[in-house]
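The values are calculated or read from the model by the stated rules, or taken from the named source; none is laboratory data. It should be emphasised that the depicted structure is a prediction, and the values quoted were computed from it without experimental measurement. All Cβ positions, even for glycine, are placed from backbone atoms using ideal geometry, and neighbour counts span all protein chains on display. These accessible areas exclude ligands, DNA and RNA; they are computed on the full protein's heavy atoms, side chains included. Shrake-Rupley method; radii C 1.70, N 1.55, O 1.52, S 1.80 Å.
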Amino acid sequence: EDHSAPGEPVNAVVAIDVTQKVRRSRGLELSEDDPFYEFFRRFGQVPRGRGAPEREFDQQSVGSGFIISADGYLITNAHVVDGADEVTVKLTDKREFKAKVLGLDTTSDVAVLKIDAKDLPAVKIGTAANTRVGEWVLAIGSPFGFESSASAGIVSAHSRSLPDGSYVPFIQTDVAVNPGNSGGPLLNAAGQ
C-alpha cells in the first residue's frame, strides 16, 4: 500500500544547476600563414598565434534529479554532474542547496548526490522487472529550465542493452526527453 501524499513524486523532482571551470585561450588561434588570418585582421579581430594566454570561464549546464530519501540523497545522470566544480539543487518549494557528488558510474550513467536537508519528499523506487510493455509512464524534469515539466508516453520494452556489447539494462520508452530533463525520474501510474 502506498502512503505517499498526493503530488509527492512531483515534489521529489529537483532541478540541478552545474558549474564547471573551463580554460580556453582568449581570441582566435590562427597562425599568420593561415588564409583566414588577413580576413579576421581586417575586421578588427587580430588572431593570436599559438601560446595565446588562457582565460578561465564558468561553463553552466542544467539537468534534473530526484530525491530518494527524506535525509537528502538524490539520483541524477552521471553526465549531468561529471566534472562539475559546483552543483546546486533546486527544490519545488524554491529552496536551493549546494550538493555533494558522492559517486557516479559513467557506464550506467547514474550519479548519487547528497544535500544537507531533512524531511524531504522522496520518490518510491519501482522495479524494472514489474514494468509492462504498453504501460503508461511519465518523465518529470526541468527541460530548457522549465521546472516540474512532465511528458507522457508508453514503455516499448525493458531490459534493453546497447549494441556496443555492454549490458546496462534500460527501459525503452517514447516519452519526450528534452535538454535539461536528463537525470529526472520515469514514473509509472503508481508514482514509482
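Looking only at segment 93-114, filter to residues that are over 27 Å from Phe170 (Cα atoms) and part of a loop (DSSP other than H, G, I, E, B); which one of those is least open to solvent (accessible area, probe 1.4 Å)?
Asp93
Looking at Ser156, Ser148, Ser142, which one is touching a helix residue (DSSP H, G or I) at 6+ places or on another chain (Cβ under 8 Å), among the hydroxyl-bearing types (Ser, Thr, Tyr) and touching a residue at least 12 places away in the same chain (Cβ under 8 Å)?
Sole residue among the options that is touching a helix residue (DSSP H, G or I) at 6+ places or on another chain (Cβ under 8 Å), among the hydroxyl-bearing types (Ser, Thr, Tyr) and touching a residue at least 12 places away in the same chain (Cβ under 8 Å): Ser148.
Can you name the residue in segment 173-192 that is more than 20 Å from Val123 (Cα to Cα) and out of contact with any Phe, Trp or Tyr (no Cβ under 9 Å at 6 or more places or on another chain) and, of all such residues, is modelled with the highest pLDDT?
Taking the candidates together, the pick is Asp174.
Among the residues of segment 83-92 satisfying the criterion of being open to solvent by 50 Å² or more (accessible area, probe 1.4 Å) and in contact with a Ser or Thr (Cβ under 7 Å, 6 or more places away or on another chain), which is farthest from Val13 (Cα to Cα)?
Applying the filter and picking the extreme gives Asp85.
Within segment 150-172, count every residue that is under 22 Å from the mean Cα position of the chain (by Cα), modelled with pLDDT of 85 or more and open to solvent by less than 50 Å² (accessible area, probe 1.4 Å).
3
Looking at (1) more than 23 Å from Tyr73 (Cβ to Cβ); (2) part of a loop (DSSP other than H, G, I, E, B); (3) not aromatic (Phe, Trp, Tyr), which is the only condition Glu147 fails?
Failing condition for Glu147: (1).
Tell me which residues, restricted to segment 108-136, are over 15 Å from the mean Cα position of the chain (by Cα) and hydroxyl-bearing (Ser, Thr, Tyr).
If the condition is that a residue be over 15 Å from the mean Cα position of the chain (by Cα) and hydroxyl-bearing (Ser, Thr, Tyr), then Thr127, Thr131 are the ones that fit.
Hey, could you check segment 173-192 for residues that are closer than 21 Å to Ile68 by Cα and of a type in the set (S, T, N, Q) and say which is most open to solvent (accessible area, probe 1.4 Å)?
It comes out as Gln192.
Mind checking whether some residue in segment 61-78 is closer than 21 Å to Asn181 by Cβ, open to solvent by 40 Å² or more (accessible area, probe 1.4 Å) and at pLDDT below 95?
yes
Kindly list, by first and then second residue, each pair from a residue in segment 51-62 that is part of a strand (DSSP E or B) to a residue that is modelled with pLDDT under 65 and open to solvent by 80 Å² or more (accessible area, probe 1.4 Å), limited to pairs with Cβ atoms under 8 Å and residues at least 6 apart or on different chains.
Glu54/Arg24; Glu54/Arg26; Arg55/Arg24; Arg55/Arg26; Phe57/Arg24
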